[in-house]
1. Can you tell me how much longer the chain between T123 and S71 gets when fully stretched, taken as 0.36 nm per residue apart minus their C-alpha distance, in nm with one decimal?
2. Over the chain, calculate the relative contact order: mean separation of alpha carbon pairs under 8 Å at least 6 apart, over the residue count, as a percent.
3. Taking θ = phi - 60°, what integer Hz values does the Karplus form 6.51 cos²θ - 1.76 cosθ + 1.60 yield along the range 19-34, in sequence order, with x for Gly and Pro?
4. Under 14 Å from the Cβ of R19, count the other residues' Cβ atoms, weight Lys and Arg +1, Asp and Glu -1, and hand me the total.
5. Sort out for me the Cα centre separation of the range 20-86 from the range 91-126, rounded to whole Å.
6. Quick one: net charge around N74, please, counting Lys, Arg +1 and Asp, Glu -1 for every other residue with C-beta under 12 Å from its C-beta.
7. In the range 1-39, which residues have a backbone nitrogen under 13 Å from the label point lying 7 Å from R45's Cα in the Cα-to-Cβ direction?
Amino acid sequence: QVQLVESGGGLVQAGGSLRLACAASGLRFSTYSMGWFRQAPGKEREFVAAISWRGGGTYYVDSVKGRFTISRDNAKNTVSLEMNSLTPEDTAAYYCAATAASDVYVFGAPGLMNYWGKGALVTVSS
């Protein structure tokens, strides 16, 4: 079966940094665009960042541009999200997702994702 497993979540002070990782198995990783979504309690799920098949294209929600960086290692079947200058508004469960589409802008439609991870909690304190 295809599996996406997130790691690296936890508690961090405002202004600090965390790095999330997603390990994929059971799929031809290099033919899937990868990305991250997040959902805070009482709020709707929102797109965060995405990266194309071979890493040549990236896409970020405006609120994280300049603070978050998405990357992938196709040799290791992993995608990462480096999060800097964190604020309490970044507190959420973060989910890794995969789609066979080559255009990263498809991440604007969460219903088009083929696979989802179970999530990793990120808590940013004041």
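Only the coordinates and a few stated rules stand behind these numbers; no lab work does. As the structure is a computational prediction, the values presented were derived from the model and not from experiment. Note that each Cβ is placed from the backbone with ideal geometry, even for glycine, and that neighbours are counted across all protein chains shown.
1. On the way: separation 52, 0.36 × 52 = 18.72 nm, distance 2.18 nm.
Full extension of this stretch gives 16.5 nm more.
2. Working: 311 pairs, mean separation 44.4, N = 126.
Taking the mean separation of contacting Cα pairs over the length of the chain, I get 35 percent.
3. 10, 9, 10, 10, 9, 10, 8, x, 9, 7, 4, 5, 9, 10, 6, 10
4. Working: positive: R67, R72; negative: E6, D73, E82, D90.
Here the count lands on -2.
5. The distance from the Cα centre of the range 20-86 to that of the range 91-126 comes to 7 Å.
6. Values: positive: R28, R54, R72, K76; negative: D73.
Taking every other residue near N74 into account, the sum is +3.
7. Residues passing the 13 Å test: 35-39.
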